[in-house]
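The values are calculated or read from the model by the stated rules, or taken from the named source; none is laboratory data. The structure displayed is predicted, hence computed values, not measured ones. Because the Cβ atoms are built from the backbone with ideal geometry, glycine has one as well, and the counts that use them run over all protein chains shown. Each accessible area value is taken on the protein alone, full model and side chains, heavy atoms only, with ligands, DNA and RNA left out. Shrake-Rupley method; radii C 1.70, N 1.55, O 1.52, S 1.80 Å.
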Amino acid sequence: MSFANAHQAAMKLQSKKGRCLHFSDGIQCNEIIAAHSIQKRGQLGLIAEAGHVYRLNADLSTLKETGGKPLPKKIGVNRASTFPGMCKQHDNKLFSPIDDRPLSVDPHQVALYAYRSICREYFVKENASKTLTEMLEHQGLTPDQRRFLIGATYGQSLGFERLKRHKLIYDEFLAANDFTELKFIIFGSTSRWSIQASGLIFPDFDFQGHQLQNLGPETSDLDLLVFFTAPTEYGWAFVLAWHESSNLSCQRFIHSVAKSGRSGAKIEDMLLRFSLACCENHAIRISWWDSLPAVAKNQALDFMAFMADPTLGIRADYLMTGCEGLADWSFDNVRDVS
């Protein structure tokens, strides 16, 4: 088996190894389930068509075929955005405040959406780190493959350790039921929307191309920004959230959004561009994507390629322009709790 095929097979096998990431650290866990990182009923169900949505497909064969770009692939809502990272008991109990009622300006609900995003990314990064470490033992590696693998293993392990610190922060305030240190901003909408997303980023550059923090290995503690879409009583929302320990970079990021808005940029375009470039956990309305002109699809896929190909360098200006006019939504109000 080739190195590429062996790596893909190992990743698939690792992704099936379920464990409960609840802050109780697996105590009294029962059946591990395929938990939805994007809510099935309140989010996926609202954009699904014939029970299906598009998700990004970025496996090796697809990237090879497209020159590094992921492609949307039709998937049933029962399988979309799932990961075996919670037991049934903890998933039902912990997330009932967001699964059973729409999002409001409630720090507890925001914390739960953010935690779900963090747990999913934690699961993915831990799997990647373990798989790459195991692949170093693969027989027949060429010198170039070994060098690449050593670098990739170090990068994934570093990213996982950085994320682990933030998961512990969220573990602690969820266990204490104290959300006073959580900051967030909610962009509310009553319009139609066609993309659901759940992700996070260590903010690197803002919408003016200014560096927010150095992501190099010499920086031990990075600020973390979580973002997600969610249903509300009157429509839906795009939410940016962070713990106050990440204030420095995240507040500067929020100020950058406001600055671009005052300069005439549309918030809808900015947040679409941001979510496409900084997240690979999307669910997309099929008819919306299919109706886009080819040039618009290619532009969107170019932004998605940022997450799909780790060998691509990040440009300082990657959030400044792009995807103008693609979004089929509008925002009516903003609630700032930061």
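An oblate overall shape is assigned to the range 245-338, the ratio a/c of its alpha-carbon gyration tensor axes (a ≥ b ≥ c) being 1.5 or greater and a/b not exceeding b/c. The Rg/Rh ratio of the range 251-303, with Rg taken over Cα atoms and Rh as the Kirkwood radius over Cα pairs, comes to 1.04. By the helix-only formula, in which each DSSP H run with n ≥ 4 contributes -39500 (n - 2.57) and the sum is divided by residues, the chain has a 222 nm mean residue ellipticity of -14000 deg cm²/dmol.
Under a model in which nothing but the beta-carbon of Lys, Arg (+1) and Asp, Glu (-1) is charged, the chain shows a dipole of about 740 debye around its Cα centre. Taking all C-alpha pairs of the range 112-205, those more than 21 Å from each other amount to 51 percent. Relative to the globular-protein estimate of 2.2 N^0.38 Å, the Cα radius of gyration of the range 80-153 stands at 1.63. If you roll a 1.4 angstrom probe over the protein chains with everything in place, what fraction of the accessible area of the chain belongs to carbon and sulfur, to the nearest %? Ligands and nucleic acids excluded, carbon and sulfur reach 53 percent. In terms of distances greater than 26 angstrom between alpha carbons, the cross-link table entries Lys164/Lys259; Lys17/Lys69; Lys73/Lys167; Lys16/Lys40 yield Lys164/Lys259; Lys17/Lys69; Lys73/Lys167. If you average the sequence gap of Cα pairs under 8 Å that are 6 or more apart and divide by the length of the range 199-261, what percent do you get for the contact order? With pairs under 8 Å counted, the relative contact order is 35 percent. Contact order for the range 52-177, expressed relative to its length and based on alpha carbon pairs under 8 Å spaced 6+ residues apart, stands at 19 percent. Let me make sure I get this right: for the range 220-259, a, b and c are the square roots of the gyration tensor eigenvalues over alpha carbons, sorted descending. Under 1.5 in a/c it's rounded, otherwise prolate if a/b > b/c, else oblate. Which is it? Oblate, because a/c is 1.5 or more while a/b does not exceed b/c. The Cα atoms of the chain give a gyration tensor whose axes a ≥ b ≥ c have a/c under 1.5, which makes the shape rounded. Each part gets one Cα centre, and for the range 94-162 versus the range 168-243 those centres are 16 Å apart.
For Val295, the accessible area of its heavy atoms, probed at 1.4 Å with every protein chain present, is near 110 square angstrom. Only Cα pairs under 8 Å and 6+ residues apart enter the sum, and on that basis the relative contact order of the chain stands at 22 percent.
Over the range 199-282, the hull volume per residue, using the convex hull of the C-alpha atoms, is 109 Å³.
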